[in-house]
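Values in this text are rule-based calculations from the coordinates and carry no lab data. Everything numeric here is computed off the predicted structure, so don't read it as measured data. Here the Cβ is made from the backbone with ideal geometry for all residues, glycine too, and neighbour counts use every protein chain on show.
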Amino acid sequence: MSGSDFSALHDRAANGDPDAIGELIELAAEREDFDLLRQLAANGSQDAADQLVELATEKGDVEELRRLAAGGSRDAADVLSELES
């Protein structure tokens, strides 16, 4: 995806286009772009939050899981609980 295509997709997502948001989440997950996933989750995307938990779990990123759990993610808390037992 070219930079201009990414920018256009990001603009569509920022304007609330659910298809664009979904595409950005998928792209961010493929690129392991935690920052973009965090931004999308902060803007209210539960799918982005779920993807963050999944990616952090795959990467063994305990700090990210703790951050997500502290922010209220029950899924992240459950993964941490499993890792710590």
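Looking across the stretch 48-60, just one residue is surrounded by 13 or more Cβ atoms within 10 Å (Cβ to Cβ) and either free of Cβ contacts under 8 Å to residues at least 12 places away in the same chain or hydroxyl-bearing (Ser, Thr, Tyr) (or both), and that is Thr57.
Could you count how many residues in the stretch 1-22 are touching a helix residue (DSSP H, G or I) at 6+ places or on another chain (Cβ under 6 Å) and of a type outside the set (Gly, Ala, Ser)? Selection size over the stretch 1-22: 3.
Scan the stretch 61-74 for residues that are more than 18 Å from Ala42 (Cβ to Cβ) and exposed (fewer than 10 other Cβ atoms within 10 Å of the Cβ) and the total you get is 0.
The residue pairs whose first member lies in the stretch 1-18 and is surrounded by fewer than 13 Cβ atoms within 10 Å (Cβ to Cβ), whose second member is of a type in the set (S, T, N, Q) and in a helix (DSSP H, G or I), and whose beta carbons are closer than 7 Å, counting only pairs six or more residues apart or on different chains, do not exist in this structure.
Which residue is nearest to Phe6 (Cα to Cα), if the candidates are limited to the stretch 28-44 and must be of a type in the set (Asp, Glu) and not in a helix (DSSP H, G or I)?
Of all residues in the stretch 28-44, those of a type in the set (Asp, Glu) come to 30, 32-33, 35.
Checking which are not in a helix (DSSP H, G or I) leaves us with 32-33.
On the way: Glu32: 15, Asp33: 13 Å.
Among those residues, the one meeting the criterion is Asp33.
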